[in-house]
Amino acid sequence: MHYVIIGNGVAGTVAAETLRRFDPDGSITMIGDEAGLPYCRPMISLYLEGAVSQNALPIRLDDFYNALGITPVLGNRVVQVDTDNKQVRTADDKPLSYDKLLIATGSDPRPAKADNESLQNIFFMRTQSQVEQMLTVLPNAKHALVLGGGLVGFKAAYGLLRRGIKVSMLIRSPYPLSMQVDETAGQMIRHVLENQGLNVQVGVQVSSFEGDSQVREAVLTDGSRLVCELAVIGKGVFPAHDFLPKDKIAVDAGIRVNGHMQTSDPDIYAAGDVAEYIDIARQKPWVNAIWPEAVIQGEIAGMNMAGRPYAYAGSLSRNVIRIFDTDVMTAGLVSPSPDDTDIQVMSHIDPKRATYRKLVFREDRLIGFALVNRIEQGGVLTALIRSQQPVAIAKDSLMAPDFNFSKLMLF
Amino acid sequence: MREVIVHPERCVGCMQCMIACAAAHSKTGELFTAIAETPLPKPRVHVGVGRFEEGFPNRCRHCHPAPCMAACLPGAICRDQKTNTVLIDPDTCINCASCAMACPYGVIRYHEDNSAPAGKVVAIKCDNCIHRQRQGKIPACVEVCKVGALTFEEMSTAMKRKTDEISRSMSAEAGAAEKSPGFALLKTIKKARTELSAR
């Protein structure tokens, strides 16, 4: 059996390892547009910050490809998939045949839609090499702008601040991390950032950048100007599947897969940021482009490709972030729509202890939570959401500070 | 292969397992001196309060596959095959708490520890007292438990014992196979009290 994996991120990497475990004899080719070993993408912000060195980023040993008998085709991006002849073609026009194909191409950063975005010293923060470029520019940067209040923007701002640069965060939403948290937690987070010297502006957007060859200034939609020698765009990501024949493979926001990570073509699978399946909390197709999902989906794709029909229950959005002394953990549906009638929300804020706890239920099932501080046992709640089982104990006890696993034991 | 097995119905909530665990993971290894150490040693087993104020020793199950291992960003979590122990490497750990988000049992804590570089907060959880096992000893929590809520044995042995208990209870002549009638009464009173106050 000849397996081809497009992508050497964590989904592709775990899929390759899983394939090798279940099929010791099959041939495996991994095509990746980044050269080098698979590495931990979420850690590049720690590298920017200076908290870890470059050596901490790889997640596999130097002989990874060799040891598993994988043929790497690196520094290459796939431009075409011919599903009739079962071939993929890379940018240098090399055709590669497959029996089973896994698309684990991840996602690409979204542009900010501002003029002159291609000026020098305006960066995305998606790859290790982009952070390396940022680091060379840092010594000459006094003011940095970060566009976007999401996870990437957040981590870029934090990293630059820790490097001693004055940072302004420009957010379109009314509060930071608006995709993860609600207004209450968002404002708590904003205060933490501002107390630490980060300038946070909400409800703003950049309309253009200005400079000769290098960026010097940003102009906001309200006409105001901000000086900057460095800018980072954290305006989200979108799944990378441009190269696919859309008449052959069903694509929505991401590549549509079934519970076996199979696309509409039975010999083609998808996993990771590029894939779209049912979100457990939302109960509808969704892309959850997060690291732990890529790991899980890569393994399930590998098992199914090797002939083991393991089924996937669905993805769950979740995130944990530590910012200065404040910890935030979120999962599932945190900000339900006011139109949702069978939703119950329980929340409690303790300003003295700087804690916030919010639980979202759909009838008797937990479908979301947001915690500010006291996050250590959050995984119990994650597991409750994932189980999709009704909560059999009083919901109040989930809110109590002494909630722990043993409260769920019913014997 | 022997492993730590929890028998929750026997736990009296005395928390001696927590103290023994912390002492076993201290620099000096003795309770008397452990309480004066910096950083202060902390337990890896957590006696939580149940619904009826009964105790439960919540410890890492060394799951296979382990959700924490899959979620770990820098790959700091691995398994010692010989003892089936899931281990966190404090040097590689970046304190991101992804493992806390993944652990269905909530058994991971974050603090400084003498096993970690000085001043570094890392993820800490039960390590099956692997250092004690290598010296021919049993895990500290098991050693100290007076009521048999924690045992160190082959899973098959424990399951056979349970099967025998249940089989005996099916016999027509079976009397109350209660091993600890006083404690069973206490638990019943606690449960009744909780349920009555809920009404």
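Every read-out reported here was derived from the displayed coordinates using simple, explicitly stated rules and does not represent laboratory data. Note that the coordinates shown come from a computational prediction; the quantities given were computed from them, not determined experimentally. Positions of Cβ are backbone-derived with ideal geometry, glycine not excepted, and every protein chain shown enters the neighbour counts.
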Just from the alpha-carbon atoms, what are the Rg and Dmax of region A:1-125 in angstroms?
16.6, 52
Would you mind ranking A:Val78, A:Val257, B:Val147 so that the residue whose beta carbon has the fewest other beta carbons within 10 Å leads the list?
B:Val147, A:Val78, A:Val257
What are the ³J(HN,Hα) values, in whole Hz, obtained from phi via the Karplus relation 6.51 cos²θ - 1.76 cosθ + 1.60 with θ = phi - 60°, for each residue of region A:275-289 in sequence order, with x given for Gly and Pro?
9, 10, 9, 5, 8, 4, 6, 7, 6, 7, x, 7, 9, 10, 8
Residue order, fewest to most surrounding Cβ atoms within 10 angstrom, among A:Trp291, A:Trp286
A:Trp286, A:Trp291
With just the Cα atoms defining each centre, how far is region A:365-411 from region A:33-62? Give it in Å.
34
The protein assembly as shown: radius of gyration over Cα atoms, expressed as a fraction of 2.2 N^0.38 Å:
1.05
HN-Hα J couplings of region A:149-160 from phi, Karplus 6.51/-1.76/1.60, θ = phi - 60°, integer Hz, Gly and Pro as x?
x, x, 4, 5, x, 4, 5, 5, 4, 4, x, 5
From the phi angles alone, apply the Karplus equation (6.51, -1.76, 1.60; θ = phi - 60°) to region A:300-311 and give each ³J(HN,Hα) in whole Hz, x where the residue is Gly or Pro.
5, 4, x, 4, 5, 5, 7, x, 9, x, 6, 9
Would you order A:His260, A:His2 from fewest to most other beta-carbon atoms within 10 Å of each residue's own beta-carbon?
A:His2, A:His260
Taking H as built 1.01 Å from N, whose amide H comes closer than 5 Å to the amide H of A:Gly32, not counting residues under 5 places away?
A:Gly7, A:Val73, A:Leu74, A:Gly75, A:Asn76
Check: C-alpha center region A:222-293 vs C-alpha center region A:1-29, spacing in Å is 21
Excluding near-sequence neighbours (fewer than 8 apart on one chain), chain B holds lysine pairs with C-alpha atoms under 21 Å apart numbering 21
Take the alpha carbon atoms of region A:233-377, find their radius of gyration, then divide it by 2.2 N^0.38 Å using N residues; give the quotient.
1.22
Using the Kirkwood formula over every pair of different C-alpha atoms, what hydrodynamic radius in Å results for region A:325-408?
13.0
For region B:104-136 versus region A:93-135, the gap between their alpha-carbon centres in whole angstrom:
38
At most 12 other Cβ atoms within 10 Å and a DSSP loop assignment: could you name the GluC sites (Glu not before Pro) in region B:107-199 that fit?
B:Glu173, B:Glu178
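With the contact rule set at Cα under 8 Å and sequence spacing of 6 or more, what percent relative contact order holds for chain A?
Normalised by residue count, the contact order of chain A is 15 percent.
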For chain A, what does -39500 (n - 2.57) per DSSP helix run (n ≥ 4), summed and divided by total residues, give at 222 nm, in deg cm²/dmol to the nearest 500?
-6000 deg cm²/dmol
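Please compute the average number of Cβ atoms from other chains found within 10 Å of each residue's Cβ in peptide A:399-410.
5
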Search the structure for amide H atoms under 5 Å from the amide H of A:Ile323, placed 1.01 Å from N in the peptide plane, and list their residues when 5 or more places away or on another chain.
A:Val328
